[in-house]
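A.B. asks: Handing you this structure, nothing more for now.
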Amino acid sequence: MSKIAKRVLIVVGAVMLLLVALAFMARAGMQPGKGSVLEMAIEGEIPEEIPPDALAQILGTKRLALMDYVEALRRARDDGRINGALVIVDRSSLGFAQAQELRDALLDFQKKGKWAVAYMETAGEFSPGNKEYYLASACKSIWLAPPGDINLTGLRADVPFVRGTTRRP
């Protein structure tokens, strides 16, 4: 191996070690103080599970899966430094079963005497807002932005059929 290749490998190795050390130091400094509030943004694509990505974990850019939100609520429930939760609810890819799981975690969080408040820009502007409002209803109070809409459309629709109404006499 030439001298230049050795030097390049040493420099690349040193840079990688520096990046790993910085990532660990940044994570070590993120500790909540007494009276902290957990802030959760429920928006966009929230998959059930995300395959492990070592580079994303080192750089701190890991995407959150549904179970990450549930686990964060469980940990905050048992952490005496966390007083409550602010849940920002926006359009997301959650289905009703996933929303129910997250809602149950919010209700469980509040059973320990902690408060939870939901904030929404809108609940179904130009689309049904049932799922978002259902999730937010687990919180003690719901704050809606002044220009926001609540579009609850219901989950069931029936079309009546009356025999003979379209026949000509």
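Read-outs: derived from the displayed coordinates by stated rules, not from any lab. As the structure is a prediction and not an experimental result, all values here were calculated from the model.
A.B. asks: Mean residue ellipticity at 222 nm from the helices of the chain, using -39,500 (n - 2.57) per DSSP H segment of n ≥ 4 over the full residue count, to the nearest 500 deg cm²/dmol?
C.D. replies: Calculated at 222 nm, the ellipticity per residue is -12500 deg cm²/dmol.
A.B. asks: Further, regarding this structure: Largest first and in whole Å, what are the equivalent-ellipsoid semi-axes of the chain based on the Cα gyration tensor, each being the root of 5 times an eigenvalue?
C.D. replies: 46, 24, 13
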